[in-house]
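Asks: Below are the structure tokens for one structure; questions will follow.
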Amino acid sequence: MKTAFLLLLALAGGAAAARAQSLPFHRPLNPMAAGRSALAHQPFAVFSPGKSRLTATFEYGNAIEYDRLVTEPTTYLLDAEFMRASLAYRRELNPATFVTVRGEVRGAYAGFADDFFVWYHDLIGFSQPERAARPINAWGSQLALPNGVRVVREPAPFGLGDFEATIGFRHSLTQQTALTVTLPTATNAQFGRGTVAVAAVHTLRVPLISRVTFEGSLGAGLTPRHGALAEYQQTLFLSGSTGLRLRLWGGQSAYGFFYYHSPYYAGTTFRSLDRPELSGEFGWISRARDGSEWRVGFTEDIAPGDMAIDLVLRIGRSW
């Protein structure tokens, strides 16, 4: 029975590889979020017989969060631009199982693009009073909490992030489960979790019609408390995603999806830290005949006042 199942996956997966319609991998860029949870949207990995997959992704985002309670000696300021460049290698073990390893480098800067992001948000009618209260292209990262803990971070042009390993199990042509472990290899405290983290994500991918594919996921993760913010850190996390990929012509597709993550912190007195995160991503994918892809997308904060970064540019290439 198992042999027949693997053979079915191999035959059907091989036929489907040329028209695979998965969404991109997605994980929040905000270091206050990415530094707590190993959860992400894990796209369905269509079986590619005899092939490995290499994916390079570059992300750059602009963040502005400024909360200050006049009745309490507490402050949360995050005014910065962040970069993440990652490289993921996926290896097929058999038609039902694959492994992926992922490494990344990160940067945190005062930035140069505040004027562009102000123009963009004015264009779409999105108000940012916290941006108006801050100088343009100036670094700010500090957190003063009710227990007296104060964390001040400086710009970091370049540093390693956490290393990640994932094993995935395809249960059918439409469902898979990915188990992920991250190791604390970051060279800067704002680029990593500081401890081992684990996550499990179940992904459903369903072709709705010939040109439209639905993909969604549900995930649960665990990250132990660590460091100066331990008193306020959540340890158990949930995530969910839902989206569509629309093939327009040839190998050209448009995509869009929403990503939800449960709160990363509790009791900080800051809504942007204690609330769930909701973001949306939309973009374009160009797929070649050999299965390689170019991906360009934007991630936007859907629920202002949460952990999602206001706007992130993502460029990816897979082979």
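Asks: Any chance you could give the angle, 0 to 90 degrees and rounded to 10, that helix 114-123 forms with the longest Cα principal axis of the chain?
Replies: 70
Asks: About the Cα centre of region 56-185, what is the dipole size in debye to 20, counting +1 per Lys and Arg Cβ and -1 per Asp and Glu Cβ, all else neutral? Walk me through the intermediate numbers first.
Replies: Values: 11 positive and 15 negative charges, 98 e Å.
The dipole magnitude comes to about 480 debye.
Asks: Determine, for 289, 91, 205, the number of other Cβ atoms within 10 Å of each Cβ, and report the residues in order from fewest to most. Don't skip to the end; give the middle numbers.
Replies: Numbers: 289 8, 91 12, 205 23.
Placing the least packed residue first, the sequence is 289, 91, 205.
Asks: How much length, in nm to one decimal, is gained on full extension between residue 271 and residue 294, taken as 0.36 nm per residue of separation minus their Cα-Cα distance? Show your work: numbers first, answer last.
Replies: Working: separation 23, 0.36 × 23 = 8.28 nm, distance 3.66 nm.
Here the segment from residue 271 to residue 294 would lengthen by 4.6 nm.
Asks: For region 207-319, report the translational diffusion coefficient in µm²/s to the nearest whole number, using Stokes-Einstein at 20 °C, 1.002 mPa s, and a Kirkwood Rh over Cα pairs. Mind dumping the intermediate values first?
Replies: Working: Rh = 16.0 Å.
After rounding, the answer is 134 µm²/s.
Asks: Okay, next question. In whole angstrom, how far apart do the alpha carbon centroids of region 174-247 and region 45-87 sit?
Replies: 13
Asks: Once phi is turned into ³J(HN,Hα) by the Karplus curve 6.51 cos²θ - 1.76 cosθ + 1.60 with θ = phi - 60°, what whole-Hz value does each residue of region 47-55 show in order, with x for glycine and proline?
Replies: Rounded to whole hertz, the list is 4, 10, x, x, 10, 10, 10, 10, 10.
Asks: For the chain, what number results from the quotient of the Cα radius of gyration and 2.2 N^0.38 Å?
Replies: Working: Rg = 20.0 Å, N = 319, 2.2 N^0.38 = 19.7 Å.
Normalised by 2.2 N^0.38 Å, the Cα Rg of the chain equals 1.02.
Asks: For region 66-224, I need the span (max minus min coordinate) of the C-alpha atoms along each principal axis, in Å, sorted largest to smallest.
Replies: That gives 56, 38, 32 Å along the principal axes, largest extent first.
Asks: Quick check: the angle from helix 2-17's long axis to the longest principal axis of the chain, C-alpha only, nearest 10 degrees?
Replies: Between the helix axis and the principal axis of the chain, the angle is about 70 degrees.
Asks: For region 156-246, what is the largest minus smallest coordinate of the Cα atoms on each principal axis, given in angstrom and ordered from greatest to least?
Replies: 50, 29, 22
Just so you know, all these numbers are worked out from the coordinates, no wet-lab data involved. As the structure is a computational prediction, the values presented were derived from the model and not from experiment. All Cβ positions, glycine included, derive from the backbone under ideal geometry; neighbour counts span all protein chains shown.
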